[in-house]
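Visitor: Sharing a structure here in structure tokens format.
Just so you know, all these numbers are worked out from the coordinates, no wet-lab data involved. Keep in mind the model is a prediction, meaning the values are calculated, not measured. FYI the Cβ positions are ideal-geometry reconstructions off the backbone, even for glycines, and counts take in every protein chain you see.
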Amino acid sequence: MIDLRSDTVSRPTPAMRAAMAAAPVGDDVYGDDPSVLALEARTAELLGHEAAVYMPSGTMTNQVALRAHTEAGDQILCDACAHIAVLERGAPAALSGLTVRALPGRNGVFDASDVRAACPPSHRFLPQIQPPTRLVCVENTHNIGGGTVWPLATLKGVLAAARDLGLRTHLDGARIWNAAVATGIDVAAHASGFDSVSVCFSKGLGAPVGSALAGSAAFVARARRFKALFGGGFRQAGIVAAGALYALDHHRQRLAEDHANARRLAAGLAAVPGVEVDPEAVATNIVRFRLSALGANAFVERCYGAGVHMLPSGTSGVRAVTHLDVSAADIDLALERIAGVMAEAEPEAAS
Ligand SMILES: *Cc1c(COP(=O)(O)O)cnc(C)c1O
């Protein structure tokens, strides 16, 4: 089975497992797990922020950030297809009492004018009927957008608009490591200017568990309170933190291979009848394509039967993600299998 569902499915390598087995541990809730502390320090340093806190998931780091930045009744701004808005089980409302105002991004990328348009000027004739807007969230790379990388100039424009409007800023950088490798620009440049930054170790970096939330020392101290409140104290977390630390030191540069494999997949898919894909749109490790001859659910079922595991997205969309456990040869084999599925489907669609 060639598993292209997500970069989260990659398994720890033997060297990573060795680092985890040898990790010194303490108790994360008492703040004395040396491997967790080392991971937090290294993450903060790489991102160019004062401090960071390790948590079990990226959903938790995002939601703790929202909780720490806002109060119930506030509104936050993010792209209409942001992970925070549509893939976190309604957590902004359920956990923090927030409403999400969706901005009309292009493949997940909005700009300063979208932020300004969502924050009209007040006037003494107008009562305060809108919820107070507190926070702008940027997702880089953008998952549903197709692994899109934010141009730094657009990012800086959004940060400047947020500053003018008195809004705080959060970066959902689950795949910020991919953005850094794709652009060749240091990860700290993508993370700078934000009040908080969430990053995942369990996606492309290939660690088994966890994410971190970075920001000022004061912000991170506050975030630790909500990490505990949301049930995120995880005791001998050093075992998994050691895997994340290993990934930070050894698996960032190799993300370029995943990006090359994603381009290889898209180029191959473009030649398959019944598949619509724009290889130019593939910026990192996510390939999103559409089917003209077969429904997405039927397609992913048949591909699964043929030994390629992918996820449907809507009625005719499909997502494939490259990662540590997928080689260029696997991509070629996956393409053969997908072409076989489509060759069988084409006559059916025609009849
Ligand atoms: C995966 C992901 C997260 C967090 O995911 P968890 O599965 O909760 O670790 C957050 N944001 C984006 C953009 C993601 O792709």
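Visitor: Please list, in chain and number order, the residues 5+ apart from residue 194 or on another chain whose amide H is under 5 Å from its amide H, with Hs placed from the backbone.
Guide: none
Visitor: Next up: Take the Cα atoms of the range 126-212, build their convex hull, and give its volume per residue in Å³.
Guide: Per-residue hull volume (Cα only) is 118 Å³.
Visitor: Further question: Quick one: Cα convex hull volume of the range 1-159, Å³ per residue?
Guide: Numbers: hull volume 26.5 nm³, N = 159.
Normalising the Cα hull of the range 1-159 by residue number yields 167 Å³.
Visitor: Next question. Between residue 72 and residue 8, 0.36 nm times their residue separation minus their Cα-Cα distance comes to what? List each step's numbers first, then the result.
Guide: Values: separation 64, 0.36 × 64 = 23.04 nm, distance 3.18 nm.
That pair, residue 72 and residue 8, stretches by 19.9 nm at full extension.
Visitor: Then there is this: Filter the trypsin sites (Lys or Arg not before Pro) in the range 210-262 to those in DSSP coil with at most 15 other Cβ atoms within 10 Å of their Cβ, and list the result.
Guide: 235, 254
Visitor: Share of Cα-Cα pairs in the range 211-351 beyond 22 Å, in percent? The partial results should precede the final answer.
Guide: Details: 5140 of 9870 pairs.
When every Cα pair of the range 211-351 is considered, 52 percent fall beyond 22 Å.
Visitor: Follow-up. Between residue 116 and residue 290, what FRET efficiency comes out of the Förster formula 1/(1 + (r/R0)^6) with R0 = 30 Å and r the beta carbon distance, rounded to 0.05? Numbers along the way, then the final one.
Guide: Details: r = 33 Å, r/R0 = 1.10.
FRET efficiency, residue 290 to residue 116: 0.35.
Visitor: No partner Cβ under 4.7 angstrom, meaning no disulfide-compatible partner by this rule: which Cys of the chain qualify?
Guide: By the Cβ distance rule, which asks for a partner under 4.7 Å, the isolated cysteines are 81, 119, 200, 303.
Visitor: When a footprinting reagent is the concern and you count Cβ atoms within 10 Å, what order do 59, 284 take, fewest first? Intermediate values should be presented prior to the final figure.
Guide: On the way: 59 20, 284 28.
Fewest to most other Cβ atoms nearby, the residues stand as 59, 284.
Visitor: On to the next question. Per the helix-only calculation at 222 nm, which mean residue ellipticity applies to the chain, given -39500 (n - 2.57) for every DSSP H run of n ≥ 4 and division by its residues, nearest 500 deg cm²/dmol?
Guide: So the helix-based figure for the chain works out to -13000 deg cm²/dmol.
Visitor: Could you check the simple spin-label distance between residue 124 and residue 216, using points 7 Å along Cα→Cβ, in nm with one decimal?
Guide: With each label placed 7 Å out from Cα toward Cβ, I get 3.3 nm.
Visitor: Volume per residue, Å³, of the convex hull around the alpha-carbon atoms of the chain? Present the calculation step by step, with values, prior to reporting the outcome.
Guide: Working: hull volume 48.3 nm³, N = 351.
Per-residue hull volume (Cα only) is 138 Å³.
Visitor: Got the relative contact order for the chain handy, in percent, Cα pairs under 8 Å and 6 or more residues apart? List each step's numbers first, then the result.
Guide: On the way: 739 pairs, mean separation 84.7, N = 351.
Across the chain, relative contact order equals 24 percent.
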